[in-house]
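One structure is given here, and the rest of the page talks about it.
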Amino acid sequence: MIVLLHRPQDLVNIAGVVRVMKNFGLKDLRLVAPVEFDAHRIGGIAHKTGDIVRRVRVFPALDEALADCRFVVGFTARGRTAKRNLLRPRQAAAELVAHPEYQPAALLFGPEDKGLSNDELDLCHRVVTVPTNPAYPSLNLVQAVAVMAYELLVAGGEPGFKAPRRKAPPASQQQMERLFADADRALAAIDFFKTRNPEAIMRTVREVLHRTPLDAREAELVRAMCFEVLKAVSGER
């Protein structure tokens, strides 16, 4: 997947795009007639992105940058009267992931001040707009790239959450009943019930803990907390 910035005007925005690409696993950046390009400065702004910066290719014209691409997705924030194959980022990401034969594909973003022209959008197989607040619709360049990069990551199978260091099976019914009994004793020991109905309070406690639900290790941890309350009230150390 190629991120292609057409006539980008701000070096900081290029650096921001590089950082977003690193965040979401995109590697290939092409620039067409950038106002400024300084690999050293970009590396200073977007730290630890040297692998991407070294792969950046700069072209004098858009047709040259797109010459080897099999599929082009253009991005625009402005409504157009011309008929387009319009998609949202999620739809475009799903199509790109479902069709590996489209690669190399380009995600084409226009200059910050005007975006892509109609003639430039004519080069695109799909045109994407990001839904935003109508009262303030325009995203900056880095934000637009980030939205699409995120959708591509998710569509391609996002990395899973790290596994917990310690796994435990769900708490058994016996463990939960012991926990509720311990909680009842601990609450009574600190005179929590006062004039309240203890049965109603404990029923709510059951609802809360069953909603979670707890695993075996967590149930034992809560029981240990109840024991410490009882020890503190009784003066034990």
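The values are calculated or read from the model by the stated rules, or taken from the named source; none is laboratory data. Predicted model only: the values in this text are computed from it and were never measured. Here the Cβ is made from the backbone with ideal geometry for all residues, glycine too, and neighbour counts use every protein chain on show. Just the protein is used for accessible areas: all its heavy atoms, side chains included, with ligands, DNA and RNA removed. Shrake-Rupley method; radii C 1.70, N 1.55, O 1.52, S 1.80 Å.
Any idea which of Ala168, Ala188 is surrounded by 10 or more Cβ atoms within 10 Å (Cβ to Cβ), of a type outside the set (Lys, Arg) and assigned to a helix (DSSP H, G or I)?
Ala188
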Given the condition over 18 Å from Glu151 (Cα atoms) and open to solvent by 20 Å² or more (accessible area, probe 1.4 Å), answer yes or no: does some residue in segment 15-24 qualify? no
Matching residues, segment 27-42, being in contact (Cβ under 8 Å) with a residue 24 or more places away in the chain, in a helix (DSSP H, G or I) and open to solvent by less than 70 Å² (accessible area, probe 1.4 Å): Ile42
Is one or more of the residues making up segment 87-104 within 21 Å of Val147 (Cβ to Cβ), of a type in the set (A, V, I, L, M, F, W, C) and exposed (fewer than 14 other Cβ atoms within 10 Å of the Cβ)? yes
Does any residue in segment 215-237 that is part of a helix (DSSP H, G or I) come within less than 7 Å, Cβ to Cβ, of a residue that is polar (S, T, N, Q) and surrounded by 14 or more Cβ atoms within 10 Å (Cβ to Cβ) six or more places away or on a different chain, and which pairs are these? Ala216/Gln175; Ala219/Gln175
Of the residues Glu218, Glu158, which single one is within 24 Å of Lys27 (Cβ to Cβ), acidic (Asp, Glu) and at pLDDT below 95? Glu158
With the requirement that a residue be under 27 Å from Lys167 (Cα atoms), among the β-branched types (Val, Ile, Thr) and open to solvent by 70 Å² or more (accessible area, probe 1.4 Å), what does segment 209-237 give you? Thr212
